[in-house]
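Only the coordinates and a few stated rules stand behind these numbers; no lab work does. Values in this document were obtained by computation on a predicted structure and should not be read as measured data. Every residue, glycine among them, receives a Cβ derived from its backbone with ideal geometry; neighbour counts consider all protein chains shown.
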C-alpha cells in the first residue's frame, strides 16, 4: 500500500473542498492515486466532491484584442505573483500590448511571441522591463488567436476570465451574447465529438458505481448510465446548452434562427491548471518551535 502523506491529503482537500479525514480515507482506498481518490469521493458524495475542482491557482489577468474589422482577435493570459499587482495599470498595459502582438504577428507559441518586436523592442525585453519596474515576476502563459471570414468577438469578466469566439453570420449583439454565455456556462467543447474520451469514461464509471450503490437492478444499469452520460454531454457541449438569456432555446437553435455558425471558441480562466503551493502552517510552527 502506498504511503499517504500530509501533502497528498492537502492536495486532495484543495481539489475537493472536503474534510481531511474524508480525503485520507479516499486516498487509502485509491492506494495513493489522487485522481482516483477524487473519483471515489465523487461516487460517495456526488458533485460536492468536485465543487472546487476548477479553483484557480495563480494570479494574473486575461487580456484581449480585436481588430477594427473584427476579423482577427486574440486572448492572452499573463501571470504575476500577487493579486495586488494584477490590478496595477502598468501590468495591465503590458498584457494588452502582448495581446495585440499576438493578433498582429500571429506567433506560433509563447516563445515566438516573446521575440515579436513592438515599437523597436521585443515583447521579452518589454516583459523584463516590467519585471524590473513592478518588482514581481511576470510571465506570458498562453494565448489563442482567431482569424476568420466571419467575425471574432471577445468577452472578459473581471479580467480573470476571457472568451474568444469565431462566429459566421448573425450580428455583433449575437456574438457578444454567445461569448457571455460561454463565460457563464464554461462548456468543454463545441459539440459532443470534441469532449475528451477520458472525461466521458470517468462519468460512465461514476454513474455505474452510483447506480450500484443505490441498489439499482443490474438490467437497468446500462440505461441509467447512458442517460447520465447524455445529460453530462448536454451540460458541457456548447451547442446543446440552453441559452442563459432564454433557456427555452438551445445555443444550436439560437444560431439556426440567426443563420449563424460558431466555428470555434476558447475559454481561459486565470491560473487554471497551475498547481497552487500549499502552505503547511502547522509544520512551519512546529519547525520554528523545534517540536
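Brief remarks on what is shown
- Mean projection area, nm², convex hull over Cα of the stretch 102-254: 13.7
- Across the chain, the relative contact order, built from alpha-carbon pairs under 8 Å that are at least six residues apart, equals 19 percent.
- Taking 7 Å steps out from each Cα toward its Cβ at residue 147 and residue 259 produces label points 2.8 nm apart.
- Under the criterion of Cα pairs below 8 Å and six or more residues apart, the relative contact order for the stretch 70-165 equals 44 percent.
- FRET efficiency estimate (nearest 0.05) - Cβ-Cβ, residue 68 to residue 129, R0 30 angstrom: 0.60
- The spread of Cα positions in the stretch 191-266, taken along each principal axis and listed from longest to shortest, comes to 46, 26, 18 Å.
- Gyration tensor (Cα) of the chain, equivalent ellipsoid semi-axes in angstrom: 37, 32, 13
- Sites residue 244 and residue 205, calculated FRET efficiency, Cβ-Cβ separation with R0 25 Å, nearest 0.05: 0.25
- Placing R0 at 51 angstrom, the Cβ-Cβ distance between residue 197 and residue 20 gives a FRET efficiency of 0.95 after rounding to 0.05.
- Prolate/oblate/rounded label for the stretch 64-129 (Cα gyration tensor, a/c 1.5): oblate
- Label-point separation, residue 252 to residue 89 (7 Å along Cα→Cβ), nm: 4.9
- In the chain, the DSSP-assigned H stretches of four residues or longer account for a calculated mean residue ellipticity at 222 nm of -14500 deg cm²/dmol, using -39500 (n - 2.57) per stretch and the full residue count as denominator.
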